[in-house]
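What follows is a single structure, written as structure tokens, with notes after it.
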Amino acid sequence: MTVRNAAIKVTAITASLAMLGAMAACGNKKEAAVNADGKPIVSVLVVKNTNQAKLADQQWAKDLEADCDCDIEWKEVTDDQWGQQKNPTLASKKIADVSIRAFTPTDTAQYSHLFEDLSQNMDKLSNVKAFFKEKPEAQKLTTDPEGHMYVIASSRGKAYAGSGQHLMINKSWLDKLGLDVPTTWDEFENVLKAFKTQDPNGNGKDDEIPFNIRKLDTGGFGWYSPMLLMNSTGIVTGFNKGPTQQGYYVKNGKVASYLISDEFKSVIKYYNKLISEGLIPADWSTKDADPYYAEQVSGNTGAIFGWSLADFGDYADQYESIPVPSAPGVSADDTVWDLSTNEYENNKLAISASAPNKEAAYKVANLLYSEKYSVQQFGGSFGDTVTDDGNHTYTFDAKKIDQLTNDNQFPGLADRLAGWIPDEVTIKGDDNADDIKKVNDPLEEQRSHADPVKDYIPDYVTPSADDNTTLSNLNTPIMNYVIPQIATWMSDGGVDDGWDSYVQQVKSLGVDQGVEIWQKWYDEYTK
């Protein structure tokens, strides 16, 4: 190691320890439980997006502090920072008084002694009680098998009830070439060939990208994964979150792993065909996110898996969402779509069991789950980017919000809110909700082909801490083996020759034990 590299390493370690020390101080305020005015101090950790403004500067956050009659000390970290800090923070046993989007039910199950069991104090959380009454799904997401509630779920409203995963295609290109929307894999392949060879963008260059896919990640199959094509085979995915990301699924109440299924093999072979024909970029498996997303807004892309038409920037009006084409031998009625939902997140608000001012911490939590502060967390402060029109109706200044977002100054938490948007609330100008509805609607028929419990492991199914540890220990080597192998097969072929030994290896790594664990907990929650 060079002197320079050693110095850099020491500096990085020192900085990390300093940040961790600051967080520990933030979470352990017994020596400074009140400020100079005698008001209780509440430390609030928020894991925020990089495009969001400083919370302490936002009017709604100042109003929250006034309504609480407390001194809120905001601690803000990004996802990348928290990824480095979370495990050391838990190991230190010193967490913030209130944490927002920092800890999952898995974390709180493993370190339950660090967190308040909120189920014992629901009388202090009247807004959360109202949330659970209107949205029983949220209560299920919050409650473990023993009835504990360590981290409260959130909801950004019924407008986001659909999947955030969509197959979108350039409808302008289809129309120009006189092509119908493809409904089968063969039709989809033929459309992609036309996109490649018939210059649909009309610039005379061979620069079209017929179908662009994201690279795979050993962490699992997540947002916009190429493996959304599993739905073409009749296997339902849930790639927003949950066990499907690790290859587990359920069909008619029986849990299995699609990693060793014939359906998975057929998807791999189909991708190899498309890649070998030049219909998917050859560098798909190594391309980083920035160049991938840049290609989406270039006007040269035919189809992608993504969030909404806004993914295409200035070319959004050329695209539309379509049902996923059926695999060979699978009828339209048996073709399904991802049953994830964008409405709920299960990792929103937790309170430290050692918070020195618990009454104030509970008051902050309850205020955050009020309509007043939920709406402002979602879109920004009243009188700035949000207008309160009365009668549970609000108007977002979409133009101002877009500008602030582009300047990395979004005035709230957006989907990271620790709160809920009741069904009676109407929000005008929420472009994201409008966009998501537009792309969800064409997929609702396919979503209806699957039972949301018999054919999908509900998001509220949560294994015990011990079983989660076992699953983690199983899934890591499994995915470390599976992902590079299938990426090679997708690009270079060879799945037929290597399939049997692949299945044997995945089984030797314990996939059947993982299936047994998920079956046990699926039955526990659903039977």
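Figures for the structure shown
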| read-out | value |
| --- | --- |
| Neighbours by Cβ (under 6 Å, 6+ apart or cross-chain): first from the stretch 110-132, under 22 Å from Glu343 (Cβ atoms) and in contact (Cβ under 8 Å) with a residue 40 or more places away in the chain; second among the aliphatic types (A, V, I, L, M) and in a helix (DSSP H, G or I) | Phe131/Ala138 |
| The listed residue being of a type outside the set (A, V, I, L, M), under 20 Å from the mean Cα position of the chain (by Cα) and surrounded by fewer than 24 Cβ atoms within 10 Å (Cβ to Cβ), out of Gly219, Gly253, Gly247, Gly202 | Gly219 |
| Count of residues meeting criterion [within 19 Å of the chain's Cα centre (by Cα) and modelled with pLDDT of 95 or more] in the stretch 424-439 | 1 |
| Conditions (1) more than 26 Å from the chain's Cα centre (by Cα); (2) part of a strand (DSSP E or B): number failed by Gly278 | (2) |
| Candidates Val364, Val336, filtered to the one that is more than 21 Å from Val250 (Cα to Cα), at pLDDT 95 or above and under 27 Å from the mean Cα position of the chain (by Cα) | Val364 |
| Any hit, the stretch 466-478, residues being closer than 23 Å to Trp284 by Cα and crowded, with 19+ Cβ neighbours inside 10 Å | yes |
| Any chance Ser119 is of a type in the set (Ser, Thr, Tyr), in the same structural domain as Thr385 (by the TED database), assigned to a helix (DSSP H, G or I) and touching a strand residue (DSSP E or B) at 6+ places or on another chain (Cβ under 6 Å) | yes |
| Given (1) modelled with pLDDT of 95 or more; (2) within 27 Å of Asn49 (Cβ to Cβ), number of the condition Asn121 does not satisfy | (2) |
| Residue ID - farthest from Glu208 (Cα to Cα), chosen from residues in the stretch 283-299 that are assigned to a loop (DSSP other than H, G, I, E, B) and touching a Gly at 6+ places or on another chain (Cβ under 9 Å) | Val297 |
| Elements of type helices (runs of 4 or more DSSP H) in the stretch 363-440, at least 1 residues being out of contact with any Cys (no Cβ under 9 Å at 6 or more places or on another chain) and among the aromatic types (Phe, Trp, Tyr) | 371-379 |
| Test for Phe305: is it assigned to a helix (DSSP H, G or I) and in contact (Cβ under 8 Å) with a residue 12 or more places away in the chain | no |
| Only one of Thr462, Thr470, Thr488 that is assigned to a helix (DSSP H, G or I), closer than 16 Å to Tyr248 by Cα and out of contact with any strand residue (DSSP E or B) (no Cβ under 6 Å at 6 or more places or on another chain) | Thr470 |
| Positions within the stretch 446-462 being surrounded by fewer than 18 Cβ atoms within 10 Å (Cβ to Cβ) and either among the hydroxyl-bearing types (Ser, Thr, Tyr) or in the same structural domain as Leu349 (by the TED database) (or both), in sequence order | Ser448 |
| Any hit, the stretch 61-80, residues being modelled with pLDDT under 95, of a type in the set (Phe, Trp, Tyr), surrounded by fewer than 22 Cβ atoms within 10 Å (Cβ to Cβ) and assigned by the TED database to the domain that holds Pro356 | no |
| Residue satisfying all of: in the stretch 219-239; touching a Ser or Thr at 6+ places or on another chain (Cβ under 6 Å) and assigned to a loop (DSSP other than H, G, I, E, B); farthest from Asn342 (Cα to Cα) among these | Thr237 |
| Inter-residue pairs, beta-carbon under 6 Å, first acidic (Asp, Glu) and in the stretch 77-105, second not in a strand (DSSP E or B), 6+ apart | Asp97/Ala355; Asp97/Ala361 |
| Selection within the stretch 491-527 - more than 22 Å from Lys251 (Cβ to Cβ) and either among the polar types (S, T, N, Q) or touching a His at 6+ places or on another chain (Cβ under 7 Å) (or both) | Ser491, Ser501, Gln504, Gln505, Ser508 |
| Odd one out for Lys287 among (1) surrounded by fewer than 24 Cβ atoms within 10 Å (Cβ to Cβ); (2) more than 26 Å from Gly162 (Cβ to Cβ); (3) over 25 Å from the mean Cα position of the chain (by Cα) | (3) |
| Scan of the stretch 262-284 for residues that are surrounded by fewer than 18 Cβ atoms within 10 Å (Cβ to Cβ) and of a type in the set (Gly, Ala, Ser), ordered by number | Ser276, Gly278, Ala282 |
| Scan of the stretch 380-391 for residues that are touching a helix residue (DSSP H, G or I) at 6+ places or on another chain (Cβ under 7 Å), without any contact (Cβ under 8 Å) to a residue 60 or more places away in the chain and not polar (S, T, N, Q), ordered by number | Val386 |
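The values are calculated or read from the model by the stated rules, or taken from the named source; none is laboratory data. From a predicted model like this one, the values you see are computed outputs, not experimental measurements. Cβ atoms come from the backbone with ideal geometry, glycine included; neighbour counts cover every protein chain shown.
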